[in-house]
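Trainee: Structure incoming, see below.
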Amino acid sequence: MQHLQSLRKKITQKKVIQAMGCHSPLSAKVAEKAGFDALWASGFELSAMYGLPDMSMITMTQHLDMLRAIASETQIPIIADIDTGYGNAINVIHTIISYEQAGASAVVMEDKHFPKVTSLLEGGRQHLLPIEEFQGKIEAACANRINPDFLIIARVEALIAGLGEAEALKRAMAYEAAGADLILIHSKQKSPQEIINFTNAWQGNIPLVIVPTAYPELTLAEIQALQKIAIVIYGNHAIRACTAAMQSTFQKILKQGMLSVEKDIASVKEIFELQNMDWVKVNEKQYLR
Ligand code: SPV
Ligand code: MG
């Protein structure tokens, strides 16, 4: 599987991989066309697309169906957000097999209790699993992948839970020892300092992943300069961008009429391109008699 090897290979290179969050094949195709290296099959985005909170309300089947649809329409690697792995270590075995078969190149599994509470919520209830229990889930994940290039990314939520850097480092080391290929370290601080401090203190041998939604002033050049970060995930920009565009477009149509938005929205021709209408034309010519 080429996309699996390509992500594994890319994480060993110096350039930071940029993964754009998506919630549909259309948003994934727009991200791929824009030039992102990888896609983030975000639980937050898919939950929001259903108008639901990101609190384990979307089922694994719903997320997998969307992932399959995204994988069948794109070529770049997909990093799947599997939240807590949908249960205990036994459930994780089934989850890993399902996501690898569905076409993901990597999964991110977080060390929270099921059902989880979304990370960026101010004052959110954040309950973490005991370290040993999460190590068992990582071991189950690693042992049950078919292709060794399928990446298991362990997500540390200790900073999100307010437990501090020492606890976050301890957990990250324990997850590396359990076999994780990368550590996703998440923070909801408005400043990047918490993540910069963690990154500088990180003594492990595996690279880091960050989701800098809460501290967007951290530039790609600064991330690159930290040296230990292999992947940056733009966690929810697709759903926020289309929500903002819909809000202003819908308001404008009501206030000023349809013509007023014409230049601001994608043309029908652009949507045809994203729907592969050229392909339809070619096949019509060949087969329809
Ligand atoms: C997601 O996009 O679903 C994530 C990132 O897990 S965050 O919402 O910041 O937790
Ligand atoms: Mg998520």
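Trainee: So which pairs qualify, if the first residue must be in region 103-125 and on the phi > 0 side of the Ramachandran plot, the second must be hydroxyl-bearing (Ser, Thr, Tyr) and more than 14 Å from ligand 1 (Cβ to nearest atom), the Cβ gap must be under 8 Å, and the two must be at least 6 apart or on different chains?
Mentor: Gly103/Ser72
Trainee: Still on this structure: Could you please find all residues in region 144-189 being in a helix (DSSP H, G or I) and without any contact (Cβ under 8 Å) to a residue 40 or more places away in the chain?
Mentor: Of the residues in region 144-189, the ones in a helix (DSSP H, G or I) are 164-177.
Across region 144-189, the qualifying residues are Gly164, Glu165, Ala166, Glu167, Ala168, Leu169, Lys170, Ala172, Met173, Glu176.
Trainee: So which residues in region 37-55 are within 11 Å of ligand 1 (Cβ to nearest atom), of a type in the set (Asp, Glu) and closer than 29 Å to Lys9 by Cα?
Mentor: Selection gives Glu45 alone.
Trainee: Any idea which of Leu39, Leu67 is closer than 19 Å to Glu100 by Cα, under 13 Å from the mean Cα position of the chain (by Cα), in the same structural domain as Gln101 (by TED's automatic domain parsing) and part of a helix (DSSP H, G or I)?
Mentor: Values: Leu39 fails: part of a helix (DSSP H, G or I).
None of the others qualify; the one that does is Leu67.
Trainee: While we're looking at this one, here's another question. From the list Ile58, Ile90, which residue is part of a helix (DSSP H, G or I), of a type in the set (Val, Ile, Thr) and either within 14 Å of ligand 1 (Cβ to nearest atom) or at pLDDT 95 or above (or both)?
Mentor: Numbers: Ile58 fails: part of a helix (DSSP H, G or I).
After ruling out the rest, the residue left standing is Ile90.
Trainee: Please verify whether region 247-256 includes one or more residues that are surrounded by 13 or more Cβ atoms within 10 Å (Cβ to Cβ), polar (S, T, N, Q) and closer than 23 Å to Trp40 by Cβ.
Mentor: Looking through region 247-256, none of the residues is surrounded by 13 or more Cβ atoms within 10 Å (Cβ to Cβ), polar (S, T, N, Q) and closer than 23 Å to Trp40 by Cβ.
Trainee: Considering only residues that are touching a residue at least 12 places away in the same chain (Cβ under 8 Å) and more than 20 Å from Leu7 (Cβ to Cβ), look in region 213-225 and name the one that is farthest from ligand 2 (Cβ to nearest atom). Spell out how you get there, then give the answer.
Mentor: Taking region 213-225 as the starting set, the residues that turn out to be touching a residue at least 12 places away in the same chain (Cβ under 8 Å) are 213-215, 217-218, 220, 222-224.
So of that shortlist, the ones also more than 20 Å from Leu7 (Cβ to Cβ) come out as 213-215, 217-218, 222.
Numbers: Thr213: 11, Ala214: 14, Tyr215: 17, Glu217: 22, Leu218: 19, Glu222: 24 Å.
In this case the residue turns out to be Glu222.
The values are calculated or read from the model by the stated rules, or taken from the named source; none is laboratory data. Keep in mind the model is a prediction, meaning the values are calculated, not measured. We place every Cβ from the backbone using ideal geometry, glycine too, and count neighbours over all the protein chains shown.
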